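The values are calculated or read from the model by the stated rules, or taken from the named source; none is laboratory data. Quantities reported herein were computed from a predicted structural model and do not represent experimental measurements. Note that we place each Cβ from the backbone using ideal geometry, even for glycine, and neighbour counts take in every protein chain shown. When the accessible area is computed, the model is the full protein with side chains, heavy atoms only, and any ligands, DNA or RNA have been set aside. Shrake-Rupley method; radii C 1.70, N 1.55, O 1.52, S 1.80 Å.
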Amino acid sequence: MSTVLNPVAVLWRVMRVWFEGLQALARLIGVVLGAVTGPGSFRTRLTTKLLAPATQLHVMAVLRAFKPNLSLSTRLVKAYDNTGTAVVTRRRDVLEVLTRDADFEVVYEPRMRELTDGDNFFLGMQPGWDYERDVSAMRLAARRTDAADVVLPRAAALAERLVSASGGDLDLPPALTLQVPWDITATYFGTPGPDAATMQGWTTRLFWYLFGDLGADADLKVGAMADAAALRDYLDTTIASRKAAASDDDDLLGRCLALQRANVPGMSDLGIRNNLLGLLIGAIPTISKASCLALDELFRRPDAMAGAQAAARADDDATLAAHIWEALRFNPHNPVIYRRATRDTTVAESTMRTLRIAKGQLVFAANFSAMFDRLEVPEPQAFRTDRPWDTYIHWGLGMHRCFGDAINRVVIPAILKPLLSQRGLRAVGALDTGGTPFPQHFKVAFDPT
């Protein structure tokens with residue numbers, strides 16, 4: 001009987017995918033019609049609506065149903081060399097792109113070299129000796145157990161102090177979600193920068209330039225080059241100072257210097273500086289943005305917010321984290337991950353959705369879409385806190401998964417926990433990015449005890 005029911009179940013899921021695609025198409029038509037009137041130009045209104053996560057989900061639902069893998073000759077990305085664009089939306093195909101490292105390469109190397117003024121950083125490397133040398137060395141310095149044993153206790157305590165001292169009014173990015181990851185870079189990395197605001201500004205603009213500047217903005221490049229030079233100078237000076245003082249501080253920089261004294265490959269002064277530069281760029285803006293987006297999504301879902309707050313007040317950290325990761329599934333900080341084809345190849349071989357990809361095409365692996373693929377994810381439109389961790393593709397996958405994923409996984413719930421524990425928690429206005437890819441202001445209030 002099961003052999004009969006299984007094809008029926010699969011067919012039913014496929015029909016649901018088609019039906020949801022038609023529903024999403026109707027909603028997209030409504031989005032376009034809704035942009036006809038209002039303040040500003042039609043193009044501006046439409047762009048704003050299309051960038052909303054809910055609208056992006058509609059677009060992806062239509063593609064998953066009717067054109068799950070799409071090839072375009074258009075070069076949508078100007079910042080990195082490519083011969084066109086491909087979009088992959090089904091979960092199985094997204095995972096295929098992200099794990100076939102020899103066929104789909106990361107593209108960041110040219111801008112990595114600009115930021116370091118010469119060398120690459122392992123996030124921009126393909127498999128090989130340089131990658132293995134640098135990642136292995138940094139794994140010796142940044143131990144997996146540090147996330148829970150070193151980083152989490154301090155981050156939790158600091159978040160608690162900042163929320164308690166706020167008096168019930170917080171502008172989250174400057175007052176909380178940027179402060180905690182900056183403190184991590186100051187105390188755990190050993191690189192506080194000249195001050196918190198300067199380090200936060202450097203890393204945010206450099207992350208934007210490296211990963212978010214798909215249109216190759218000339219003005220952004222000018223600012224990024226100045227910030228990169230300042231960050232390099234700061235790190236060079238800090239490394240030299242720590243070596244001169246013969247410091248034995250047990251932070252990331254101190255451990256790197258200890259590995260240097262042990263002649264570990266990749267731990268020259270320049271190697272340490274470049275690795276720290278890359279890690280700093282990824283740490284502060286990512287944690288802040290993900291924290292704000294998860295909370296913003298919870299505000300949109302009163303039942304989910306109630307569950308998250310109950311978990312926070314009961315010190316049920318696992319349930320609290322499950323609410324946060326599920327919220328981030330609906331409002332991800334990176335809806336697509338892009339790779340470039342190293343040769344002519346195919347995705348989804350031997351299926352009806354097989355896609356031929358030409359060498360040089362940039363492939364948008366739509367991880368946002370993949371987390372809503374009904375053929376792989378049960379009840380994708382439901383907010384569920386019982387999903388296995390591998391449902392989520394928040395930090396990438398494979399050899400280029402975010403180096404700090406273990407830290408992100410413990411710190412983001414720790415940042416939000418004291419806030420979610422408060423009574424009368426409410427948003428005061430909308431999340432404001434200030435024309436950037438990152439939250440600049442997100443004001444909330446609660447009833448102080």
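Going through (1) farther than 30 Å from Arg64 by Cα; (2) part of a helix (DSSP H, G or I); (3) open to solvent by 20 Å² or more (accessible area, probe 1.4 Å) one by one, Leu115 falls short only on (3). Across segment 249-272, the qualifying residues are those that are in contact (Cβ under 8 Å) with a residue 40 or more places away in the chain, out of contact with any helix residue (DSSP H, G or I) (no Cβ under 6 Å at 6 or more places or on another chain) and among the small types (Gly, Ala, Ser), and the one among them that is farthest from Tyr188 (Cα to Cα) is Gly271. Residue pairs whose Cβ atoms lie under 9 Å apart, sitting 6 or more positions apart in sequence or on different chains, and linking a residue in segment 103-115 that is within 16 Å of Asn275 (Cβ to Cβ) to a partner that is open to solvent by 20 Å² or more (accessible area, probe 1.4 Å) and aromatic (Phe, Trp, Tyr), are Tyr108/Phe211.
Across segment 81-99, the qualifying residues are those that are more than 15 Å from Arg356 (Cα to Cα) and under 21 Å from the mean Cα position of the chain (by Cα), and the one among them that is surrounded by the fewest Cβ atoms within 10 Å (Cβ to Cβ) is Thr99.
To keep it simple, each residue is scored yes or no on (1) surrounded by 12 or more Cβ atoms within 10 Å (Cβ to Cβ); (2) not in a helix (DSSP H, G or I).
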residue	(1), (2)
Pro7	no, no
Leu11	no, no
Gln23	yes, no
Val36	no, yes
Leu50	yes, no
Ala61	yes, no
Ala65	yes, no
Ser71	yes, yes
Ala79	yes, yes
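Test each condition in (1) out of contact with any Ser or Thr (no Cβ under 7 Å at 6 or more places or on another chain); (2) within 19 Å of Phe66 (Cα to Cα); (3) among the polar types (S, T, N, Q); (4) surrounded by fewer than 21 Cβ atoms within 10 Å (Cβ to Cβ) for Thr346 and report the one that comes out false. Looking at each condition in turn, Thr346 falls short on (1). Among the criteria (1) in contact with a strand residue (DSSP E or B) (Cβ under 7 Å, 6 or more places away or on another chain); (2) farther than 15 Å from Phe403 by Cβ, the one Val106 does not fulfil is (2). Filtering segment 401-413 to residues that are touching a residue at least 60 places away in the same chain (Cβ under 8 Å) and either under 13 Å from Leu170 (Cα atoms) or open to solvent by 10 Å² or more (accessible area, probe 1.4 Å) (or both) leaves Cys402, Phe403, Gly404, Ala406, Ile407, Arg409, Val410, Pro413.
Inspection of segment 375-382 finds no residue satisfying the criterion of being crowded, with 17+ Cβ neighbours inside 10 Å and either among the basic types (Lys, Arg) or touching a Gly at 6+ places or on another chain (Cβ under 7 Å) (or both).
Look at (1) open to solvent by less than 50 Å² (accessible area, probe 1.4 Å); (2) farther than 30 Å from Pro110 by Cβ and you find that Arg339 fails only one, number (2). If I filter segment 259-268 for residues that are surrounded by fewer than 24 Cβ atoms within 10 Å (Cβ to Cβ) and touching a Phe, Trp or Tyr at 6+ places or on another chain (Cβ under 6 Å), do I get at least one hit? No, segment 259-268 has no match at all. Checked against the criterion of being over 23 Å from Ile239 (Cα atoms) and touching a strand residue (DSSP E or B) at 6+ places or on another chain (Cβ under 6 Å), the candidates Leu152, Leu170, Leu214, Leu178 yield just one match: Leu170. Which of the residues spanning segment 414-444 are assigned to a loop (DSSP other than H, G, I, E, B) and either over 30 Å from Gly124 (Cα atoms) or open to solvent by 60 Å² or more (accessible area, probe 1.4 Å) (or both)? Once the filter is applied, which keeps residues that are assigned to a loop (DSSP other than H, G, I, E, B) and either over 30 Å from Gly124 (Cα atoms) or open to solvent by 60 Å² or more (accessible area, probe 1.4 Å) (or both), segment 414-444 yields Ser421, Gln422, Arg423, Gly424, Leu425, Val428, Gly429, Ala430, Leu431, Gly435, Gln440, Phe442.
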